[in-house]
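Some notes on the structure that comes next.
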Amino acid sequence: MEQDFAQVRRLMVEHQIRARGISNERVLAAMREVPRHLFVPGDLGSAAYGDHPLPIGEGQTISQPYIVAVMTDLLAPGPADRVLEIGAGSGYQAAVLGRIVREVWSVERIPAVAVQAEKNLDAAGATNVRVVVGDGTLGLPDHAPYDGIIVTAAAPSVPQPLFDQLADGGRLVAPIGSRNLQDLVCYVRRGADFARRIRGGVTFVPLIGAYGWEE
Ligand code: SAH
């Protein structure tokens with residue numbers, strides 16, 4: 001069974017990701033390795049590798065594989081990096097990052113979702129990912145600064161605490177826009193300057209918190 005899934009993952013990476021222009025070998029390798037089926041509810045198993053997001057309970061979703069790849073690529077992660085994720089959800093994005101970087105901190109607002117994310121990460125053998133329950137719009141100041149910050153819920157604007165907790169040279173990726181439609185935005189920090197790039201329309205569940213949307 002595991003072997004079948006490994007083959008399905010290779011096809012997912014070739015057809016959904018590399019074929020659409022993602023060539024970052026770190027990203028492609030990580031997505032070939034992480035057992036995505038362990039991050040979706042049990043009854044959805046083989047649907048895990050389809051070209052779409054899936055429900056994970058509590059009204060939340062695991063992102064489409066291609067979107068995970070695009071965001072990970074924009075984050076330009078390297079082996080020595082420490083990364084902060086806002087919105088652990090299933091834990092899948094954090095597990096992909098965990099294959100590439102030194103350490104991942106992932107904040108999740110809904111306690112039951114965080115518990116499930118931890119279980120999924122354990123089952124997948126991700127040992128360098130930590131899930132923390134809280135309002136990620138405040139960042140995670142105790143472990144700042146971060147070389148990369150990835151927001152996987154839709155924000156009206158980038159929460160100021162996240163800019164503050166980004167290391168010099170660090171990258172921040174987030175879907176920014178309305179509750180229904182956002183652009184993926186990538187910032188690179190150089191001292192007090194934040195250079196911005198924008199990449200295409202996406203739809204994420206809302207980021208809810210002090211610097212996000214109201215519930
Ligand atoms: N990265 C996830 C998908 C995220 S879905 C994955 O790979 O599966 C978005 C998640 O963000 C949801 O679980 C939601 O509860 C969470 N969320 C929303 N607002 C948040 C906030 N202020 N802080 C932390 N998590 C938040």
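The values are calculated or read from the model by the stated rules, or taken from the named source; none is laboratory data. The shown structure was predicted, so the numbers you read here are calculated from the model rather than taken from an experiment. Here the Cβ is made from the backbone with ideal geometry for all residues, glycine too, and neighbour counts use every protein chain on show.
Tally the residues that are among the β-branched types (V, I, T), outside any strand (DSSP E or B) and closer than 17 Å to P35 by Cα, restricting the search to region 49-81.
Of the residues in that region, 3 qualify.
Residue-wise test of (1) surrounded by fewer than 23 Cβ atoms within 10 Å (Cβ to Cβ); (2) more than 10 Å from the ligand (Cβ to nearest atom); (3) without any contact (Cβ under 8 Å) to a residue 24 or more places away in the chain; (4) not in a helix (DSSP H, G or I).
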residue: G89; (1), (2), (3), (4): no, no, no, yes
residue: V96; (1), (2), (3), (4): no, no, no, no
residue: R99; (1), (2), (3), (4): yes, yes, no, no
residue: S106; (1), (2), (3), (4): no, no, no, yes
residue: A112; (1), (2), (3), (4): yes, no, no, no
residue: L121; (1), (2), (3), (4): no, yes, no, no
residue: G125; (1), (2), (3), (4): yes, yes, yes, yes
residue: R130; (1), (2), (3), (4): yes, yes, no, yes
residue: D142; (1), (2), (3), (4): yes, yes, yes, no
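Counting just the residues of region 24-45 that are of a type in the set (V, I, T) and outside any helix (DSSP H, G or I), which one comes out farthest from A124 (Cα to Cα)?
Only one residue fits best here, namely V40.
Take V202 and decide whether it is within 14 Å of the ligand (Cβ to nearest atom), touching an Asp or Glu at 6+ places or on another chain (Cβ under 8 Å) and among the aliphatic types (A, V, I, L, M).
Taking the combined requirement at face value, the residue satisfies it.
Please give the number of the condition D51 fails out of (1) modelled with pLDDT of 95 or more; (2) buried (at least 16 other Cβ atoms within 10 Å of the Cβ).
Evaluating D51 over (1) modelled with pLDDT of 95 or more; (2) buried (at least 16 other Cβ atoms within 10 Å of the Cβ) leaves (2) as the failure.
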